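Read-outs: derived from the displayed coordinates by stated rules, not from any lab. This is a predicted model, so every value here is computed, not measured. So basically every Cβ, Gly included, is an ideal-geometry build from the backbone, and we count neighbours across all protein chains shown.
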Amino acid sequence: MQELPDELERRLQALSDESAQGADFDPASWFWLLLLGLAGPIALIIAGWRA
Amino acid sequence: MSGEPGQGSPQAADTSGWPLLRSERTWGPWQLGIALATAAAATWCYIIGEYVGSYLGFTRGVAALTAGSMIGMLLVTLAAVPTCIRFGVDSIVSCKPQFGTRGWIIPALMQYVSILGWNSLLLIFFAKSTTQLLIAIGAIRHGSNLLVPATTALACSAVFLILLRGSSGIDRVAKILVFHVFIGCWMLYILTARRWDELVTAVPPSQSPDPLWNYTTGIEIGISSLLSWWPYIGAMVRMAPDGRTAALPIMLGMGAPVPLLSMIGIAGILVLKVSDPAEWLRTVGGPGYGIVALVFVAAANLGTAIAGIYASAIGLRQIPGVDRIGWPTLLLLTLAPVALVGLLIPDLFFAHFGSFIALIAVGFAPLCGIQIVDYYVLRRRRIDIRAVYDNSEAAPYRYWAGFNPAALAAMGVGLVAYIYLLDPLSYASRWPYQYLTASLPTALVSALVYWVATRRWVAPRGLGGYESR
């Protein structure tokens, strides 16, 4: 294992605890991502083609 | 200025490229959304709109570009954001598990070239807009060849001074410059209100006889333009504490402003044959509106350039040796090539903008496919953050001599697939481009190649830190 700078080591140590990490996308985030990035664009593509 | 890494302060971490702790990630949804909007809304929107307006009328153009932009934003978000948001790292660090302890240099070079190109363009635009503004208000006279180079140098100096404070510099400027998005909406209103009949009946100047090809190309331009946000997004979202805080600001703050402001370019090219509002607002509204437009263009470009230079500097931090130099020196190293392009070859760079934006999609579509399949399918969301910073021989992400052949193969196949579907220089296309675009199949093919290579050759050899199944 490579020796790391003290400050980086301190940060990695802190992040080894999963509760100290930032949370991934939650269900509400997935809803918005899929609505705005998938369902919305598909609807827009269909509507735009018919226009 | 406490910018040296290793000093233990939040600002040192902010400028070092090391992971940020949750206590240091203080941006809320509004703060993140405004910073992202400032990064996304710039002069390139008019050029993007100009390209779409060359193939499609206003209604179809807006629909295709908006849909493509939001799809592109989703791809970039799924690829880079999960790792960035969990560990407070930037986009380059997020790709080390896929590319290896040395192979990450490939995305890093892509990031550097991409941001260098975009920011050279922006600062040249900024210099030209500021020069025109000074002439318009009578502060200077016409005729000096030194004005644009001098303003470019001034813009670089302003970016340097603002970024000396790290990401707090972006936040401060973002709060002011976000108003240019609203001014952009006002400019669009001016044009649509006064020239609506001409707008809806205008014929796109370069449209193909195949309406489906035109429509797909509008979508493709949207996707490929938003893939450009991969280098930027990590450096911004690492300041937010979690995915819930970031999801909506990313889609609305970074994804939506591009199609919104690109409408100005679509409308401009269709009605007045000019996409830059600094030129057409004087025609439509008189010199007063022209001055407002010039202020808008100058402010928008400066805001985006600041975000881009910051992201690029953070990315360079990962290079061995660069991680030990001071923040001001790193900023100078990042800004120097941008300044040189702006000072020495601005016209040459402008002439090849179309090729530049198309080539970005060639690189970033495969990268997004690789990251998405690796994070969600192969690793099942498990990233070893310590291994990301471990460059030893036994490091989990060492692969072969620091490079992951699965990633290299997937990038290579993706590159060939994109060029087969759509020549980025001539826009000549092959089946099934008109049904699928070029970026989406490219990302899919790269993801498949990466998945097969990893499952068959990389993971069975115990490399890459994949859990055996």
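Going by the alpha-carbon gyration tensor, a ≥ b ≥ c the square roots of its eigenvalues, is chain B rounded (a/c under 1.5) or, if a/c is not under 1.5, prolate (a/b greater than b/c) versus oblate?
Here chain B falls in the oblate category.
For residue A:6 and residue B:203, FRET efficiency with R0 = 56 Å and r from the beta-carbon atoms, rounded to 0.05?
0.30
Based on the Cα coordinates of the protein assembly as shown, what is the per residue volume of their convex hull in Å³? Display every interim value, and only then the final one.
On the way: hull volume 70.6 nm³, N = 520.
Measuring per residue, one finds 136 Å³ for the Cα hull of the protein assembly as shown.
How much length, in nm to one decimal, is gained on full extension between residue B:425 and residue B:392, taken as 0.36 nm per residue of separation minus their Cα-Cα distance?
Length difference between fully extended and current span is 7.7 nm.
Would you mind calculating the gained length between residue B:324 and residue B:146 on full extension (0.36 nm times residue separation, minus the Cα-Cα distance), in nm to one decimal?
60.4 nm
Could you give the length gained by full extension between residue B:416 and residue B:435, i.e. 0.36 nm per residue of separation minus their alpha carbon distance, to one decimal place?
5.0 nm
Extent of chain A along each principal axis, from alpha carbon coordinates, in Å, largest to smallest?
61, 21, 16
When Lys and Arg each count +1 and Asp and Glu each count -1, what net charge do the other residues less than 14 Å away from residue B:108, Cβ to Cβ, add up to?
With Lys, Arg at +1 and Asp, Glu at -1, the neighbours total +1.
Can you give me the distance in nm between label points at residue B:192 and residue A:35, each placed 7 Å from the Cα along the Cα-to-Cβ direction?
2.2 nm
What list do you get for B:96, B:273 if you sort them by fewest beta carbons within 10 Å?
B:273, B:96
Ignoring GluC sites (Glu not before Pro) that are buried or in helix or strand per DSSP, and keeping those with at most 12 other beta carbon atoms within 10 Å, what is the longest stretch of chain B between them?
Formally, the longest exposed-site-free interval is B:1-392.
Once the dipole of the protein assembly as shown is set up with Lys and Arg at +1 and Asp and Glu at -1 on Cβ about the Cα centre, which of B:453, B:290, B:246 lies farthest towards its positive end?
Highest projection toward the positive end goes to B:453.
Can you grab the distance from the C-alpha centre of the stretch B:406-453 to the C-alpha centre of the stretch A:1-44, Å, no decimals?
Answer, in whole Å: 27.
Would you mind working out the magnitude of the charge dipole of the protein assembly as shown relative to its Cα centre, with +1 at each Lys and Arg C-beta and -1 at each Asp and Glu C-beta, to the nearest 20 Debye?
Values: 33 positive and 29 negative charges, 72 e Å.
Approximately 340 debye in magnitude.
Dipole of the stretch B:341-433 (Lys/Arg Cβ +1, Asp/Glu Cβ -1, origin at the Cα centre): which of B:385, B:413, B:425 lies farthest to the positive side?
The residue sitting farthest along the positive end of the dipole is B:385.
Between residue B:340 and residue B:380, what is the label-to-label distance in nm when each label sits 7 Å out along the Cα-to-Cβ direction?
Here the answer is 4.9 nm between the modelled labels.
Would you mind getting me the FRET efficiency between residue A:19 and residue A:47? Use the beta-carbon distance for r and R0 = 51 Å, nearest 0.05.
Numbers: r = 44 Å, r/R0 = 0.86.
Step by step, r from the Cβ atoms, then E = 0.70.
Tell me the net charge near residue B:407. Cut-off is 12 Å between Cβ atoms, residue B:407 excluded, with +1 for each Lys or Arg and -1 for each Asp or Glu.
+1
So what's the stretch B:26-125 giving for Cα Rg divided by 2.2 N^0.38 Å, two decimals?
Rg over 2.2 N^0.38 Å, computed on Cα atoms: 1.28.
Between the stretch B:101-119 and the stretch B:355-383, what is the separation of their alpha carbon centroids in Å?
Using only Cα atoms to place each centre, the spacing works out to 14 Å.
Any idea which of A:43, A:29, A:15 is furthest toward the positive side of the dipole for chain A, if Lys and Arg beta-carbons carry +1 and Asp and Glu beta-carbons -1?
Farthest along the dipole direction, towards plus: A:43.
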